[in-house]
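Asker: Take a look at this one; I'll ask things after.
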Amino acid sequence: MRRYVIAGNWKMNMTPAATRKFITELAPMVAGKDKCDIVLCVPYVDLAAAIEAAKGTNIKIGAENVHFEKSGAYTGEISAEMLSEIGTEYVIIGHSERRQYFGETDATVNLRTKAALAAGLKVILCLGEVKDERLAGITDEVVAMQTKLDLAGIEKEDLKNVIIAYEPVWAIGTGLTATPEQADETCGVIRKTVAALYGEDAAEAMIIQYGGSMNDGNAKELLAKVNVDGGLIGGASLKTDKFTAIVDAANA
Ligand code: PEP
């Protein structure tokens, strides 16, 4: 049986002081809600505060990106070893905002994923179609291709540390949400692709989240779908009550 994973993506929001306050407020609200894993992915400078504040709670902490080289002349970048040494457990890779604004490609997403896994991090690997691709009816081909390219060369035994977040780009931060049926269908295409690459057992075990304007009003219906194993949540992860309501939907 797959476990739900409810993960927040704070993007470029919150200072370290705001991080401490948020997690101190959130922790009692989600305490004991153990039918899902709860993750907050925060900006690099907030990681230390988040890890400290989350100690002894059921909240796990992740970063929002990682570089693929171990070290070297990459000004402004952060390595997987740096993240894991301070106690970071998860890392988002391939978010559409990184792909759209910072030139990330399936090739760099693949390299980052390998580097993160080698350092013992759990990866939340984001992929999804843009609006024109959905309108052109090529969503299935696009997500299948991204799945293949992003996972290329990754060993089956490492898949237990990979979560795929299906995030239709047209639904991120727009208030537009995929219907539960669209989310289920496309997460199902990703699962079939994983089955073709690694076998049915790996596909059955793979956690596939939906992300794209998931909120307290739509989480229950989305999470009820058989292929949707959780959510990657942007805007609604910045409010403790809204994020808790999504955790509640996963615990119902
Ligand atoms: C995200 O940042 O991954 C996301 C899904 O954002 P939002 O929930 O705001 O659409």
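Asker: Which residues, counting only those in the stretch 135-145, are open to solvent by less than 60 Å² (accessible area, probe 1.4 Å) and out of contact with any strand residue (DSSP E or B) (no Cβ under 9 Å at 6 or more places or on another chain)?
Answerer: Those that are open to solvent by less than 60 Å² (accessible area, probe 1.4 Å) and out of contact with any strand residue (DSSP E or B) (no Cβ under 9 Å at 6 or more places or on another chain): 137, 139, 144.
Asker: If a residue has to be open to solvent by less than 10 Å² (accessible area, probe 1.4 Å) and away from the ligand (no atom under 11 Å from the Cβ) to count, how many in the stretch 198-227 make the cut?
Answerer: 5
Asker: Quick one: how many residues across the stretch 197-212 are part of a strand (DSSP E or B) and closer than 13 Å to residue 167 by Cβ?
Answerer: 4
Asker: Can I ask one more? I'd like the residue in the stretch 98-107 that is surrounded by fewer than 20 Cβ atoms within 10 Å (Cβ to Cβ) and within 13 Å of the ligand (Cβ to nearest atom) and, out of all such residues, is nearest to the chain's Cα centre (by Cα).
Answerer: 98
Asker: Further question: Here are 247, 142: which of them is within 16 Å of the ligand (Cβ to nearest atom) and either under 19 Å from residue 62 (Cβ atoms) or assigned to a helix (DSSP H, G or I) (or both)?
Answerer: Exactly one residue qualifies, and that residue is 247.
Asker: Another question, if that's okay. So residue 17 clears everything in (1) open to solvent by 20 Å² or more (accessible area, probe 1.4 Å); (2) part of a helix (DSSP H, G or I); (3) in contact with a Lys or Arg (Cβ under 7 Å, 6 or more places away or on another chain) except one condition, right? Which one?
Answerer: (3)
Asker: To continue, here is another question. For the stretch 213-225, indicate whether the set of residues that are assigned to a helix (DSSP H, G or I), out of contact with any strand residue (DSSP E or B) (no Cβ under 9 Å at 6 or more places or on another chain) and in contact (Cβ under 8 Å) with a residue 40 or more places away in the chain is non-empty.
Answerer: Yes, some residue in the stretch 213-225 is assigned to a helix (DSSP H, G or I), out of contact with any strand residue (DSSP E or B) (no Cβ under 9 Å at 6 or more places or on another chain) and in contact (Cβ under 8 Å) with a residue 40 or more places away in the chain.
Asker: Just wondering, is there one or more residues in the stretch 79-95 that are aliphatic (A, V, I, L, M), free of Cβ contacts under 8 Å to residues at least 12 places away in the same chain and open to solvent by 10 Å² or more (accessible area, probe 1.4 Å)?
Answerer: Scanning the stretch 79-95 turns up at least one residue that is aliphatic (A, V, I, L, M), free of Cβ contacts under 8 Å to residues at least 12 places away in the same chain and open to solvent by 10 Å² or more (accessible area, probe 1.4 Å).
Asker: Residue under question is residue 230, and the condition is that it be away from the ligand (no atom under 11 Å from the Cβ), closer than 20 Å to residue 142 by Cβ and buried (at least 17 other Cβ atoms within 10 Å of the Cβ); does it hold?
Answerer: In short, no.
Asker: Which pairs do you get when a residue that is in contact (Cβ under 8 Å) with a residue 12 or more places away in the chain, found in the stretch 229-244, comes within reach of a residue that is of a type in the set (Phe, Trp, Tyr) and in a helix (DSSP H, G or I), reach meaning Cβ atoms under 7 angstrom, with the pair 6+ apart or on two chains?
Answerer: 233/243; 236/243; 237/243; 240/22
Asker: Please go through the stretch 171-184 and pick out each residue that is more than 10 Å from the ligand (Cβ to nearest atom) and open to solvent by 10 Å² or more (accessible area, probe 1.4 Å).
Answerer: 179, 180, 181, 182, 184
The values are calculated or read from the model by the stated rules, or taken from the named source; none is laboratory data. Since the structure is predicted, the reported quantities are computational estimates derived from the model, not experimental observations. Note that each Cβ is placed from the backbone with ideal geometry, even for glycine, and that neighbours are counted across all protein chains shown. Remember, those area values only see protein heavy atoms, side chains included, never the ligands or the DNA or RNA. Shrake-Rupley method; radii C 1.70, N 1.55, O 1.52, S 1.80 Å.
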